[in-house]
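The values are calculated or read from the model by the stated rules, or taken from the named source; none is laboratory data. Bear in mind that the values here come from a model prediction, so they are computed numbers and not experimental data. Cβ coordinates were reconstructed from backbone atoms using ideal geometry, including for glycine residues, and neighbour counts include every protein chain displayed. Only protein heavy atoms, including side chains, enter the accessible area calculation; ligands, DNA and RNA are left aside. Shrake-Rupley method; radii C 1.70, N 1.55, O 1.52, S 1.80 Å.
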Amino acid sequence: MRELLKIMKERALLELENTNKLEELEQLRIKFLGKKGELTQVLRGMGSLSSEERPIVGQVANEVRVLIENGIEKVKEKLKEESKNIKLNAEILDISMPGTQIEKGHRHPLIGVMEELENIFMSMGFSIVQGPEVETVYNNFDALNSPENHPSRDPSDTFYITDDILLRTHTSPVQIRTMKENKPPLRIVSAGRTFRFDDVDDTHSPMFHQLEGLVVDKNITMANLKHTIDMFIRELFGSQMKTRFRPHYFPFTEPSAEVDVSCLKCMGKGCEACNGTGWSMELLGCGMVHPNVLRNCGIDPEIYSGFAFGLGVDRIAMVKYGINNIRLLFENDMRFLNQF
Ligand code: 2U9
């Protein structure tokens, strides 16, 4: 029996030596030391041994078990170390290599201009308000004193969704909502996307951007309006800038005016860009809020008065950066955008 154990030990050690996979090691353990393994089989025959021989064979069997167990542990450690080294060698990381460059983006020039305008008005005490781009016909036209037959209400000029719902044609409905929900004094500015059924050309786009302001309080006059616009234009384009107010008509303001600003190229001297006039034309519109508009929003025009103004953000961006084609602002051509 001792001979049997010796042979088994030598076979186990030889097989262990030839094992190079962790899974094979487990098979080997089951084969020699498992419940139905070879060592158990040998031990089963111990019943036939004499009482003197039994403890001696038992001790030898135990030594063989410990020897095989230790052998398995050793090979297991060796295989684990080997596989770790293979993995580490495959994962060599050269930390001196340059990293992947992430290209930094920047604001779109139009959004940059819009934020610049909002910041100027905020510094003058205005709050920024926002509203939906899909509006009711009432908020967009009726509340603004627009007559039923006004050309801008025609479906060939405005994107209607239903008879009562449209894409806002100006940001004025945001001011209507604010007036309906809040009591004067009000000093607000609203900027955002607006929509008109225009064909695309160098200066027109069916989607464009407006910024409008509204002040309502007691004793608000044309003088407050003119001073606010002058301050704004000087803050935006420089202290030497002049403004010129020309009478105009809007249904929502009375009286109304269009504002021209000194030509940015020649600073008022007259050049080819301003046709020798010295003025950049129609940069802003403004006026005193029509009493009907105040009334439509539950504000008593006998107690309160207000002024309002509006400008095209796209047009301001084009004048500021000397852009002669509005399409460039919306085509997202990186060769154009990367210049800002
Ligand atoms: C309320 C009352 C009055 C806003 C105003 C203008 C004049 C104006 C144009 C500028 C260039 C539109 O984008 S543009 O074509 N806007 O000339 N906007 S007064 O008047 C309001 C607004 C809201 C409740």
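For this structure, a couple of remarks:
- Which listed residue is more than 8 Å from the ligand (Cβ to nearest atom) and in the same structural domain as GLU115 (by TED's automatic domain parsing), from LEU264, LEU284: LEU264
- Failed item in (1) away from the ligand (no atom under 12 Å from the Cβ); (2) not in a loop (DSSP other than H, G, I, E, B); (3) not polar (S, T, N, Q), with ARG246 passing the rest: (1)
Here's the yes/no breakdown for (1) within 15 Å of the ligand (Cβ to nearest atom); (2) open to solvent by 20 Å² or more (accessible area, probe 1.4 Å); (3) of a type in the set (D, E, K, R):
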residue: PRO291; (1), (2), (3): yes, yes, no
residue: CYS297; (1), (2), (3): yes, no, no
residue: PRO301; (1), (2), (3): yes, yes, no
residue: LEU311; (1), (2), (3): yes, no, no
residue: ILE316; (1), (2), (3): yes, no, no
residue: TYR321; (1), (2), (3): no, yes, no
residue: ILE326; (1), (2), (3): yes, no, no
residue: GLU331; (1), (2), (3): no, yes, yes
residue: MET334; (1), (2), (3): no, yes, no
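- Restricting the range 249-261 to residues that are among the acidic types (Asp, Glu) and within 12 Å of the ligand (Cβ to nearest atom) leaves a set whose member that is surrounded by the fewest Cβ atoms within 10 Å (Cβ to Cβ) is GLU254.
- Annotation: THR169 fulfils all but one of (1) within 15 Å of the ligand (Cβ to nearest atom); (2) open to solvent by less than 60 Å² (accessible area, probe 1.4 Å); (3) in contact (Cβ under 8 Å) with a residue 60 or more places away in the chain; (4) not in a helix (DSSP H, G or I); the unmet one is (3).
- Residue that is surrounded by the most Cβ atoms within 10 Å (Cβ to Cβ), among those in the range 180-239 that are of a type in the set (Asp, Glu) and under 27 Å from ASN296 (Cα atoms): GLU212
- Within the range 118-146, residues that are in the same structural domain as PRO173 (by TED's automatic domain parsing) and charged (D, E, K, R) sit with their Cβ atoms under 8 Å from residues that are part of a loop (DSSP other than H, G, I, E, B) and open to solvent by less than 30 Å² (accessible area, probe 1.4 Å), at 6+ positions apart or across chains, in these pairs: GLU133/ARG168; GLU135/ARG168.
- Elements of the type helices (runs of 4 or more DSSP H) sitting completely within the range 1-61 and holding at least 3 residues that are surrounded by 12 or more Cβ atoms within 10 Å (Cβ to Cβ) and of a type in the set (Lys, Arg): these cover 2-17.
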